[in-house]
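The values are calculated or read from the model by the stated rules, or taken from the named source; none is laboratory data. Please read all numbers here as calculations on a predicted model, not as lab measurements. Here the Cβ positions follow ideal geometry from the backbone for every residue, glycine too, while neighbour counts run over all protein chains shown. Keep in mind that these areas ignore ligands, DNA and RNA; they rest on the heavy atoms of the full protein, side chains included. Shrake-Rupley method; radii C 1.70, N 1.55, O 1.52, S 1.80 Å.
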Amino acid sequence: MAITRTTGDRAPAVPDWPGALEEIAGRVRAIRESDSSVLPPVLLLGVMERVGSNWVSDTLRPVSGQHNEPFRQQVSPASPLSSLNPGMSPADAALRLGPYCRHWLVTFTAGKYTLVRQVIKETNLFFALPVLLALFPDSPAGVLTRSPLGVASSFARGDLFRRWDYTARYRQMTAMTTRPEYAAWAGVVPDDNPPDLAALARLQVLNTLLLATALHCRDAGGLAVIRYETAVLDPAAARAELARLVPEAPGLTSPDPAVPATAENMFTTSVHKAELTVSLTPADAEQVRAAVAGALSAGREAVAGPAWDLARNWASGDCLYSLAPPEHAPRRRPRRARSAAGRSCPVRWVPGRAPGYLSWRNLLVTNDELAVFLNEMAASGLPNCLDGSYLLAVAMPHERGGRLHYNPHARQWTVSPGFGTHPAYWVTWTGAAACAVRHGARLPSRAEMIAETSRGDLKITNHGYQAGDTVPVAEPGRGPGQVHHLAGNLQVWCSDGPDGHPAVPASRWLHGAAWNTPATPEELHRPRSRHLTGASRGVGIRLVRDQAAPRAATAAEVAAAVSTWVRGLADRSRPLRDLDEALAGTLGALQADRGLRSHVGARTGEPGGD
């Protein structure tokens with residue numbers, strides 16, 4: 001019989017999708033037996049978006065691996081494990097957890113137990129929260145809070161409720177509460193078509209109540225609360241609370257460095273502030289307060305007394321804010337890229353600076369090119385989504401940074417208008433490596449990237465939110481015979497990764513700086529890695545070749561190689577590293593036939609990061 005685990009009073013039970021939790025526990029135990037210094041990841045759980053989580057991530061970045069909403073974003077909305085699926089059903093999960101989905105779940109979890117502390121930041125998991133907590137039962141947790149007034153003001157300034165389709169989110173939650181196991185929460189998010197700000201406040205209270213229900217029994221050593229208001233008014237106290245979660249991180253309690261003010265945009269909340277104001281009318285502010293009070297009152301019947309008290313405390317802080325005249329931002333259309341006229345550049349293969357025959361593709365792989373590749377894979381019988389888990393690339397809405405979109409009716413991938421010449425991101429290492437083979441190329445090794453970017457005249461382009469997103473792959477002022485955006489715009493996947501015990505999932509190095517990361521020399525070359533199935537909005541594809549013009553593998557050959565690997569994942573008796581590296585083996589066979597080095601482990605002895 002399947003074993004179930006619960007995470008708090010009245011929290012839904014999480015089933016053992018057949019044997020998956022047992023497998024995860026066994027795999028993690030084997031990792032810890034291989035090295036007693038292995039650390040569990042830290043969970044940072046936001047009560048809502050716009051709670052200052054980027055400040056926390058940037059503070060911990062030098063000493064930890066960063067994973068921004070990997071569970072919420074890298075599980076398809078169609079998956080029964082997804083927080084976006086109002087029909088989420090444990091029974092369905094047991095039926096639909098195929099070989100790839102199970103391997104994704106196991107490696108997603110086991111891969112976070114490393115010698116370098118990993119930080120998993122998640123927001124708005126709602127009823128999927130017990131799934132995450134069951135995967136990481138021994139992880140310390142930090143709750144990221146912000147007054148509902150502050151959240152509402154941030155949403156109003158950026159028109160985010162509409163842009164991020166929170167109306168659909170509210171309807172998803174009301175649909176969830178029609179199910180018997182979630183009916184106790186129906187009063188918190190009643191189906192009464194509330195105004196946007198009231199709906200937002202109710203959603204924040206619901207998520208806060210669910211977090212408090214799941215976490216209120218934890219002792220103080222396993223739970224920290226990082227308040228947005230404290231980070232603004234008393235940064236040293238906020239860092240001290242972080243230090244309780246990540247005690248191995250040096251300098252978290254040191255005086256605050258000077259933080260320059262920068263232009264705030266929708267993707268960063270790390271702008272330096274010295275006071276707390278909300279840009280709402282008195283009537284809107286009262287609407288938010290009334291919605292919070294009503295939702296808390298309704299939730300009192302659904303949770304234990306200590307959990308309710310905790311949730312009420314986490315939803316406090318309105319008194320710290322002063323009202324300011326609202327900023328009436330114009331209603332925005334979906335963002336389109338600025339014209340790339342005059343920036344077109346033909347693809348060329350450029351000799352590298354290091355001695356040898358290695359040549360570099362001058363341009364990063366674009367969205368248009370990756371869409372062609374994904375369509376070729378689908379036509380060859382390799383779908384991108386298997387049992388609710390993404391294989392080659394993560395499909396995201398445009399307003400969430402997604403530039404590649406799959407139309408299930410037309411069975412075609414398309415690109416957001418104006419972004420065809422921008423570099424592709426949200427691509428897994430599996431997708432990047434397979435795309436490289438299809439182009440008659442391979443991914444560069446970390447050593448090759450370091451050698452190519454360790455020179456005095458290196459120009460680091462778009463980084464640190466300078467443009468708020470990627471810019472076209474053709475770099476102004478550079479010609480076809482030069483490598484464009486060698487550092488900046490995006491980090492890139494490498495062909496190799498850190499060595500490790502067979503029990504540890506295989507990972508691959510990331511290198512460089514991206515539009516949303518720092519670009520100091522230390523950060524540029526800092527060892528950091530991610531599992532083959534990981535993806536992010538800051539990592540793309542750069543290609544190299546070992547000879548002049550190797551023959552590209554056909555789409556059918558690439559699809560068959562990846563499909564062979566997926567079928568082999570059904571054998572759960574093999575070490576995780578062996579299961580992962582089998583993919584490099586199948587693709588490597590295609591590469592070797594074309595005079596290319598295969599994707600292999602680095603054997604550098606450096607620990608992996610994120």
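General remarks:
- Per-selection metrics, segment 537-581 (Cα): Rg and Dmax in Å: 14.9, 42
- Simple spin-label estimate for ASP35 and ASN193 in nanometres, 7 Å along Cα-Cβ: 5.8 nm
- Accessible surface of SER563 - all protein chains present, 1.4 Å probe, nearest 10 Å²: 30 Å²
- Rolling a 1.4 Å probe over the heavy atoms of the protein chains gives segment 481-546 an accessible area of 21 Å² per residue.
- Carbon/sulfur fraction of accessible area - segment 453-540, other protein chains in place, 1.4 Å, %: 57 percent
- Probe 1.4 Å, protein heavy atoms only - accessible area per residue of segment 277-319 in square angstrom: 45 Å²
- Report note on the peptides 523-534, 551-562, 568-579: ranked by the mean count of other C-beta atoms within 10 Å, highest first, their order is 523-534, 551-562, 568-579.
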